[in-house]
Amino acid sequence: MSGKMTPSGKKGDYTWHRVFQSKEHFRDIMWQDLLDIAQENWNYVANVQGDRKGTSAQMKLKANYEVEYTGQCLVAALLVPSTAGAYIFLSTVPGGDKRAEMRSKGYQKAPSWWKAVQRTPNVYCHAEDAVEYDLEEAFRSNALDVRVKIINDKYVVEDRDNPLGPIKIAVWGCFDNDPEEVQRTGRLVELCHTTSTNKVPHCRKVAETLNIEYCTAEKLQAEKRAGSRSSSRASSRPSSSGRDAQKTSKTSRLGAGSTSSAGSRSAAAVTKSSASVQGKAPAKKEPPYWTYDSKKNMYYHKHKDGKVSWSKDGK
């Protein structure tokens, strides 16, 4: 995955953003994989904002933009599946010019998002709002070949080769009041909800209104359990699919440590398997890989011929 997030806006009030296409995660994506993408890009931004010496590219950005770390750093990753190559939008919490644009032009550039957030000029924007806004703005302006439809103000995946997975969003980062270790490594940040924020409507409600699924610790655990069952069955055969192979990682520190790596984790993060990518043709006789659907409270498996099987327990 080449490329890095880049800052835009005025000095001291930047928004870091990025959009790219993935040929690997084209049909659907595991929650852990999407979280890894958010984490990798968070590592880059966090290291530039920290007080340590990073790569030459990071140091150039640090010098050009005079970036300072404030203690809070979040990166939201939103994936729109497409057989032409899934689009992945990434953003930090919008600041400065980006925040002003969303507040003043949202009703024109992203009217469905604007309606979902019940926008008023003084409402605070989260990182999730930024990627939702960027997706809709790109679609409505034809800036990118994003294969979605907007039906009744909901984002609907459209592609000539259905079925595809849903639009998904995951967030990685840290807050001012997180422990020092968490600020160095980051963590899964669940979308805010009624009991965790005074933002109205909260981010979970906005995502649900726009037809976007969001990552939670519960979904990661369900995904891990389903993967463990598949791994157990696969390991009993002479030919292994490699499902038990784990990624190696390096820890990225915010303000101290080694150069960032996509594989770093917080202690609470869930380890994923190397064969977790959905959309690729399964190996011969490979057992079904179940994905949790939070809306139906069931697991589903997509077959090579396009058919979908459902299960209550992922077995």
(Q) So, in the stretch 112-145, how many residues would count as being within 20 Å of the chain's Cα centre (by Cα) and hydroxyl-bearing (Ser, Thr, Tyr)? (A) 1
Q: Please tell me if Val200 is at pLDDT below 95 and among the aliphatic types (A, V, I, L, M).
A: yes
(Q) Looking only at the stretch 89-112, filter to residues that are closer than 20 Å to Lys154 by Cβ and of a type outside the set (Phe, Trp, Tyr); which one of those is surrounded by the fewest Cβ atoms within 10 Å (Cβ to Cβ)? (A) Gln108
Q) Considering the stretch 109-151 alone, what residues qualify as being without any contact (Cβ under 8 Å) to a residue 12 or more places away in the chain, assigned to a helix (DSSP H, G or I) and of a type in the set (D, E, K, R)? A) none
Q: Within the stretch 225-239, identify whether any single residue is more than 25 Å from Val93 (Cα to Cα), part of a loop (DSSP other than H, G, I, E, B), modelled with pLDDT under 90 and in contact with an Asp or Glu (Cβ under 7 Å, 6 or more places away or on another chain), and answer yes or no.
A: no
Q: Examine the stretch 94-108 for a residue that is touching a residue at least 12 places away in the same chain (Cβ under 8 Å), aliphatic (A, V, I, L, M), farther than 18 Å from Asp145 by Cβ and in a loop (DSSP other than H, G, I, E, B), and state whether such a residue exists.
A: no
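Conditions tested, residue by residue: (1) without any contact (Cβ under 8 Å) to a residue 24 or more places away in the chain; (2) surrounded by fewer than 18 Cβ atoms within 10 Å (Cβ to Cβ).
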position	(1), (2)
Gly165	no, no
Ile169	no, no
Cys174	no, no
Val182	no, yes
Leu191	no, no
Thr197	yes, yes
Val200	no, yes
Thr209	no, no
Q | Unique match (being under 21 Å from Gln39 (Cα atoms) and out of contact with any Cys (no Cβ under 9 Å at 6 or more places or on another chain)) among Glu181, Glu101 | A | Glu181
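The values are calculated or read from the model by the stated rules, or taken from the named source; none is laboratory data. Please read all numbers here as calculations on a predicted model, not as lab measurements. Glycine gets a Cβ as well: all are built from the backbone with ideal geometry, and neighbour counts include every protein chain shown.
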